[in-house]
Structure formats: C-alpha cells, structure tokens
Amino acid sequence: MNQTDTPTITILGTGYVGLTTAALFAAAGMKTYVVDPNQSRLDAVREGRSFFFEEGLDPLVAHTVKNGTLIPTSSYAESIPRSQIVFSAVGTPDNPDGSSNLTYLFAAAEEAAAHLQPSSIYVQKSTVPVGTGAKVKQLFAKKGINATYASNPEFLRESTALLDSLWFDRIVVGGDDEMAIERVMAVYRHVRQNREAIAAIAGLVAPEETATEQYIATNLESAELIKVSANAFLALKISFANSIAKLADQTGADINEVMNAVGADARIGRAFLNAGRGYGGGCFPKDVSGLISSAQEHGIDLQIMKAAQAVNEAMPTYIISKIKALLHTNLADKKITVLGLAFKAGTSDARRSAGVRLANLLVEAGADVHAYDPKAIDEAKRELHHAVKIHEDLRQSTSAADVVLVATKWEEFLRLDLKELASQMRSKGFVDCENAFARQAVESAGLTYIGIGR
Ligand code: NAD
C-alpha cells in the first residue's frame, strides 16, 4: 500500500480493542476515526491518553492525536462517509443466561448503515457467535446498502496488546469478496511495514520469539468460529490443568513439574497449562458461555465446554477451602489481603477478575478483607464488595495480615521481600494463586505456602 491509496478508517467502539487498534492504524499513517457514545473515553483520547492502562498505548495515542491521524468523535455522520473501511469493535457482553448480547453490535450496524458508501467495507472485529455476520448482511440488504461485509476477529491479549498486534501470529479475514478481504489484509500489512517505528513511539521492544505472521482468508462463518474456538481451547487448557492440580494436591505431585513435562511434548505445548485461580477477564468467561449457548441453538450440546466452565467457576471456592484448612478455623475476623485485582498482570481491566471474586467470597465468609493493585483499583471498585478495604500502598495492605493471597503476577508482587512480609504479618499464610513463587523461597522466609496443585 503506498501513501496515495492509504484508506481512511473508522473504528466503532473506543474500548480496549477499538482504541488499541485505532492507535496502531493511525500510527502507521492511516487517518483513523474512533467513534463512541462514551464521552469520558473520547475525552481521554482528546487529552492524548487511554482510559485504561496498557503498556505503550498512552504515547501512541498522544502521538497520533497530536499529528491528526487519530480522530475521536461521537459522530457517525462525520466519520463513516469519509472512510473506505469501517471496523466494528463494540462490546459483545453476555446476557444473564450466558448467550451473547448483540444489542450494541446491531445498533452500531443499524446506525452505520445510514452513512455507509456503496464501496465501503464493513468489518466485524467484535467477537460474535457464528452466524452473526449473515444477520448483519441481511440488515444491510433490507436497507438497500451495498457495502461489503467481512469478519476480522481480534486476537490481541490485554497487557501485551500492542506487541501482539505488531508481531502477530495470524490475521484472519473472512468473507465472500476476495478484493475486500485483500484490502483489509493490506491495512495490517501496512501496520507491519511500519512496526519498528510504531514500537519506538510506544517505547516497546520487539519480542525475541519469531511471530508466525500468517494471513488467513476464510469464509465468513469460519472466521467467526475461529475466534471463539481459539478462546474456548485456551480455557480448556486452563481448566484441564486445574483439574489435574486437584489430583496433584491429594498425591504429592507438583503441578508445575507435571505441566512443564507434559507441555514439553510439541503436540501439546506448554502455554496455558497453568493451574491457579482460573481464568477471568472481559473475554474468556463470556466467550465460553456464548459458544455453549450458540451451539445449543444449533442443537449441539458442548459438554466439554460446560465442564471447563464448571471447573473454572469452582476454583476460587477451592482456594478458600484451602485457606480454611490452613487456619483450622472459619475466617471470621481474620485479616486477609488480596494482592492483584486486575484480571491479570499488566492491565487495569478488572472485569470478571479472580482477585475481585476471591475478595468478595472472603467477605461473605466473614473475613476482614483488604486489597491492593498497582493499576486496577478504580476499575475493580465496580465489582468489589463495599466491605473490602482498598489500599494505595502494598505494605500498608499486608500489615498484620493473617493470610496474603497473590492473585496476579504483577512484577511488584513477584519482587516482594518475603522476609519483610513475614515479619509484618500476624499469622503467616501465603497463598500463591498463580503458582508463581518457588515454594522453598516462601517457606524459608517463614511463611506457610499454599499453591494450587503443589
Ligand atoms: P469494551 O466494552 O471495552 O468497548 C466497547 C466500546 O463500544 C465501549 O466503549 C462502548 O461505549 C462502545 N459502543 C457501544 N455501542 C456503540 C455504538 N453503537 N457505536 C460506537 N461505539 C459503541 O469492549 P472490548 O474489550 O474493547 O471488546 C470489544 C470486542 O472485542 C468484544 O466483542 C470482545 O469480545 C472483543 N475482544 C476483546 C478483547 C480484549 O482483550 N478486550 C480481545 C479480543 C476480542
């Protein structure tokens, strides 16, 4: 793609995915509008920053807003008619029954339809149940809109979102118009060509491992199913590791040793075979339940995913039963500190966070619960029980604690001075919810170690 045929792009949704993607497109020199009804998210962009913490994103947003390539707006009329490609990255949360809530997605498509040009390409980036694209196409057809529709699922991981997108494993684009697919692929090729310069602006260093960088064109339904299947498989690996961890707990095996060796088999792979407090976040829980529900609609009973979901759901309770066994008592009036409220280290996102769930369950069990997180306190407050005492300072949060739970692998926690921690605490329980610590190091500091499957 040369500068003259660089497309102007609109991204609907200035969330974790929409803003990250928009900042990358803009940093590669493509004029990119980000559209959102949420004024506070747009205001943050106007001020040259992101509404959430993601390594490298603030400098990219600041740079691209300043040079005029990233344009925040709430107006479809301002952005869509000027754009050759429109990406939809609005939220697709779950309904109370677990099915995917596509209200935002169809509202965005409906509003976009009023402004799309006949030659535009409408690209679905949000995670959707298979068959959603066909329904959006029907909606466009009913309105007499000729825009081409494609699916381009997103695979970035929060906390490494920019590097994942610059050094990617695969770009998947599905649809039935080869030229449109190629034009969407070209956007990513253009980002790839400029990636060293983009990484430099973001202050990020290229990863050491080689990325596989495949461009995969598929039909529409395959692209939709690829995304949910990929997340479902990763969730399965986690729940598999957690199931085996319970057996390890009963038998003296160490789940880390087990999975290191199991995963050394190239057919299996080590990634995600991690036992611990289970998965959370804005994607896995709802993507798994959405897949179960959409399969059900087609008469398929995805028992395997129901099992993975049940195992995951039970992990926080399993951890709490271990704490009760350690203290030989119920938890009334025990001071328990949860370190880590983000759903994982490296992000401020606390949606469906295991740390938050553990804190809330501990409150229900009668404990005096304290919590600390370096980045996620504000976002965690939305789901955290009001009785949880939040601290801005790690040391203060653990003072006179009976038990400390490390729920995420923030560097600050991994570098804890364990001897000092032990000297501050009343009882000496240390729960390693992500199996991130060496048991011996914890015990030689005078703490009692509880891992998951170790
Ligand atoms: P999010 O909730 O952070 O962002 C969605 C944004 O869409 C919000 O800012 C909301 O105000 C906006 N919005 C709602 N209706 C709109 C409309 N009609 N027009 C314009 N904007 C509108 O969600 P997210 O985490 O960025 O996820 C977006 C999609 O990407 C979801 O389908 C999700 O499953 C998928 N996804 C997320 C991740 C991730 O790590 N967060 C990774 C891969 C895929």
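Listed by chain and number, the aspartates and glutamates whose C-alpha is less than 18 Å from the C-alpha of residue 381, apart from same-chain residues fewer than 8 away, are 349, 364, 368, 373, 392, 393. Mean separation of Cα pairs under 8 Å and 6 or more residues apart, divided by the residue count, gives the chain a relative contact order of 12 percent.
Among residues other than residue 232 with Cβ under 15 Å from its Cβ, the summed charge is 0 (Lys and Arg +1, Asp and Glu -1).
The mean sequence distance of close C-alpha pairs (under 8 Å, at least 6 residues apart), as a share of the length of segment 169-271, puts its relative contact order at 30 percent. Figure note: 168, 284 ranked by solvent-accessible area, largest first, 1.4 Å probe, ligands and nucleic acids not counted: 284, 168.
So in the chain, what percent of DSSP beta bridges are antiparallel if you round to the nearest 5? Just about 5 percent of them are antiparallel. In this calculation the C-beta distance from residue 139 to residue 250 is compared with R0 = 60 Å, giving a FRET efficiency of 0.65. Each Lys and Arg contributes +1 and each Asp and Glu -1, all at the Cβ; summed about the Cα centre of the chain, the dipole is approximately 360 debye. Extension gain, residue 213-residue 177: 0.36 nm per intervening residue step, less the Cα-Cα distance, totals 10.7 nm.
A dipole drawn for the chain from +1 and -1 charges on Cβ atoms has a positive end, and of 96, 361, 406 the residue lying farthest that way is 361. Binning at 10 angstrom from zero up to the longest distance, how are the C-alpha pair distances of segment 371-454 distributed in percent? Reading upward from the zero bin: 17, 51, 28, 4. Accessible surface comparison of 448, 14, 103, probe 1.4 Å, protein chains only, largest first: the order is 103, 448, 14. Once you treat every alpha carbon in segment 264-312 as an equal point and sum by Debye, what is log10 I(q)/I(0) at q = 0.13, 0.15, 0.17 Å⁻¹? The calculated log intensity ratios at q = 0.13, 0.15, 0.17 Å⁻¹ are -0.40, -0.52, -0.64.
For residue 437, the accessible area of its heavy atoms, probed at 1.4 Å with every protein chain present, is near 20 square angstrom. Debye-formula intensities of the chain, expressed as log10 I(q)/I(0) at q = 0.12, 0.14 Å⁻¹, are -1.06, -1.33 (one equal scatterer per alpha-carbon, no solvent). Distance between the modelled labels on residue 47 and residue 322, one decimal in nanometres: 4.0 nm (7 Å Cα→Cβ projection).
Could you tell me the accessible area of residue 213 in Å² (1.4 Å probe, neighbours in place), rounded to the nearest ten? Here the accessible area works out near 40 Å². Computed over the Cα atoms of segment 190-289, the ratio of the radius of gyration to the Kirkwood radius (Rg/Rh) comes to 1.07. Once C-alpha pairs closer than 8 Å and six or more residues apart are averaged by separation and normalised to the residue number of segment 302-404, the relative contact order reads 28 percent. For segment 47-195, lysine pairs separated by 8 or more sequence positions, or belonging to different chains, with Cα-Cα distances below 29 Å total 6. Placing pseudo-labels 7 Å out from each Cα toward the beta carbon at residue 298 and residue 400 gives an inter-label distance of 5.8 nm. A 1.4 Å probe over all protein chains sorts 162, 139 by accessible area into 139, 162, starting with the largest. I'd like the distance between the alpha-carbon centres of segment 35-104 and segment 241-292, rounded to an integer number of Å. Taking the Cα centre of each part, segment 35-104 and segment 241-292 sit 33 Å apart. Using a probe of 1.4 Å, the accessible surface attributed to residue 116 totals some 20 Å² when neighbouring protein chains are kept in position.
Indicate the gyration tensor shape class of segment 306-364 (rounded, prolate or oblate), computed on the Cα atoms with a ≥ b ≥ c the square roots of the eigenvalues: a/c under 1.5 is rounded; otherwise a/b larger than b/c is prolate and the rest oblate.
Oblate, since a/c reaches 1.5 and b/c is not below a/b.
Take the convex hull of the alpha carbons in segment 1-95; its mean projected area over all directions comes to 6.5 nm². Take every Cα-Cα distance within segment 110-151, group them into 10 Å bins from 0 onward, and report for each bin the whole-number percent of pairs it holds. All Cα pairs, binned at 10 Å, distribute as 30, 60, 11 percent. Most simply put, segment 1-133 has about 5% antiparallel DSSP beta bridges, counting only bridges with both residues inside it.
The values are calculated or read from the model by the stated rules, or taken from the named source; none is laboratory data. Because the structure is a prediction, the values reported are computed rather than measured. For neighbour counting, all protein chains shown are included, and Cβ atoms are generated from backbone atoms with ideal geometry for every residue, glycine included. The protein model used for the area step is the full one, side chains on, heavy atoms only, and it has no ligands, DNA or RNA in it. Shrake-Rupley method; radii C 1.70, N 1.55, O 1.52, S 1.80 Å.
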